[in-house]
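Structure first, then comments.
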Amino acid sequence: MTEPEQPETKPASRPNPDPESGEVNLFSAEFAGCPQPVYRGLVQKCPVAHQTFTGGKVLSRYEDVLWALRNPQIFSSEMEMQLALGTERPMIPQQIDPPGQTKYRKVLDPRFSKKRMLELAPDVRRHANELIDSFIDAGSCEFDQAFAVPLPCTAFLSLMGLPQSELPFLLRLKDGIIRPQTLLDGEPTMEESQACRVQTGKDIYAYFEEVIDERVRKPGSDMVSYLLETEIGGHKLSREDILDVSFLLILAGLDTVTATLGCNIAYLASNPAQRERLVADPALLPAAVEELMRWEAPVTAVPRIVREDFTLHGVAFKAGEMVSLQIGAANLDDEEFGDALNVDLGRVRNRHMAFGGGPHRCLGSHLARMELQVAMEVWHERVSSYSIAPGETPVYSPGIREVTHLPLVWPAA
Amino acid sequence: MKLRVDLDKCTGHGRCYDLAPELFDEDEAGHCVLLHAKVPAGLEPKARVAADNCPEEAIQTTA
């Protein structure tokens, strides 16, 4: 007797994305380490995909992502699942739609304008040099902990008027929301990760309750003091408003530039010809920072919830469905970039979406650009010839792509 | 060459005043302020670069 032949339902290795089923896995460590082939598959073969594990649809082409970002009446940011990020209320202004969102942006945008951010550049430059002083003679460093974490986080804490001594505590709160798996033992279940987020959310609210109390007693020139004085339509911001803005700022401010610096340096350490081009021509730096953001897209995607039924690429979208807009994939669409797979550090036309677009354009984009330019400039002035330590492989965290393990070496002095 | 900015589209990316500060400035909120509706001679390439890099397609050049 022979066993009846099993139908081949599960080949050993399915393509990701799978053009037949339309399924895509966007949460593996493999994807975080090298997302570009997956993005290309999405753009070329699966303009509408379905997420494995989390469910929800995925849009990837530049034109589609742009359309979604610019039309919040169809693609809302008002999730009925704030709890997913451990918050009790929407984060302001990220999780509310215009016109309400516009009022908050009017008072927040001036605090994050390019002119204001450039005032912080000398401090960032001095700090970058101090950090490099501390390890340059050794000829090696663990880039994430030695440079990518402390540099932007220090600048952000001084902007917020929070004590530098609290950085480890605040980083733990931030990771408890963004990547709870790093704080939990073993491989936590979805439920365990979620419980960690909810508890961390409570801790963040409690922390900022205390900060607000302090600033009410003793106002300064920091962000929370500014928010306490801010009026919208003749009314001061409520305590809840200030908590909801602070929650967002701490998550965004302590993570994204760290991740971007790691992705940029990991790329250049692994691509010596590109690194040499940049070192030989420092005038390329502003364009190079933009191009590396296009290629790496450390914030890989943004979520939206569908408000109106529509059909796109022959697929019906229903009100209430979650859609993930793949920033990283849109950045690799030849329709927009012509030669999207070519990393051209001198790219002249570069409408990449690393900072999103439409009304929710990243509030901190001018802070991020200043920090990235200063950090990349100082780094390449001081440590021009670096590479990944022999035998080592960088490790990227899923979600926001922080390079949590990036051992570098260079010729010691 | 002439420049036109649709301020309803501008969301404050700031690429225009990053790339062509001779032609654009920022207002208090970081949104675009057009300095020269008629592009001064020699700055045409910069005007094109600014228009090409606006993620919101808010800047138009006309001959």
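The values are calculated or read from the model by the stated rules, or taken from the named source; none is laboratory data. Remember, it's a predicted structure, so these values are computed and weren't measured experimentally. Because the Cβ atoms are built from the backbone with ideal geometry, glycine has one as well, and the counts that use them run over all protein chains shown. When the accessible area is computed, the model is the full protein with side chains, heavy atoms only, and any ligands, DNA or RNA have been set aside. Shrake-Rupley method; radii C 1.70, N 1.55, O 1.52, S 1.80 Å.
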Note down all Cβ pairs under 6 Å where the first residue falls in the range A:46-58 and is among the aliphatic types (A, V, I, L, M), the second is part of a loop (DSSP other than H, G, I, E, B), and they're at least six residues apart or on different chains.
A:48/A:313; A:49/A:17; A:49/A:22
If we keep just the residues of the range A:274-301 that are among the aliphatic types (A, V, I, L, M) and under 14 Å from the mean Cα position of the chain (by Cα), which is nearest to residue A:325 (Cα to Cα)?
A:301
Here are some residues: A:317, A:337. Which one is away from chain B (no Cβ under 14 Å), more than 20 Å from the chain's Cα centre (by Cα) and surrounded by fewer than 23 Cβ atoms within 10 Å (Cβ to Cβ)?
A:317
Among the listed residues A:237, A:228, identify the single one that is open to solvent by 30 Å² or more (accessible area, probe 1.4 Å), under 19 Å from residue A:104 (Cα atoms) and in contact with a helix residue (DSSP H, G or I) (Cβ under 7 Å, 6 or more places away or on another chain).
A:228
Name the pairs whose Cβ atoms lie under 8 Å apart, with the first residue in the range A:112-123 and more than 9 Å from chain B (Cβ to nearest Cβ), the second part of a helix (DSSP H, G or I) and open to solvent by 50 Å² or more (accessible area, probe 1.4 Å), and 6 or more positions between them or separate chains?
A:120/A:158; A:123/A:158
Subset tally (residues that are more than 20 Å from residue A:356 (Cβ to Cβ) and either modelled with pLDDT under 95 or within 12 Å of another protein chain (Cβ to nearest Cβ) (or both)) for the range B:19-32
5
Residues of the range A:286-299 satisfying the condition of being in contact with a helix residue (DSSP H, G or I) (Cβ under 6 Å, 6 or more places away or on another chain) and crowded, with 24+ Cβ neighbours inside 10 Å
A:288, A:292, A:296, A:297, A:298
Go through A:137, A:133, A:123 for me and flag whichever is at pLDDT 95 or above and either under 19 Å from the mean Cα position of the chain (by Cα) or within 25 Å of residue B:12 (Cβ to Cβ) (or both).
A:123
Can you tell me which residue in the range B:33-57 is surrounded by the fewest Cβ atoms within 10 Å (Cβ to Cβ), limited to those that are over 14 Å from residue B:1 (Cβ atoms) and within 11 Å of chain A (Cβ to nearest Cβ)?
B:57
Here is a list: A:283, A:273, A:259, A:252. Which entry is closer than 30 Å to residue A:220 by Cβ, assigned to a helix (DSSP H, G or I) and open to solvent by 40 Å² or more (accessible area, probe 1.4 Å)?
A:252
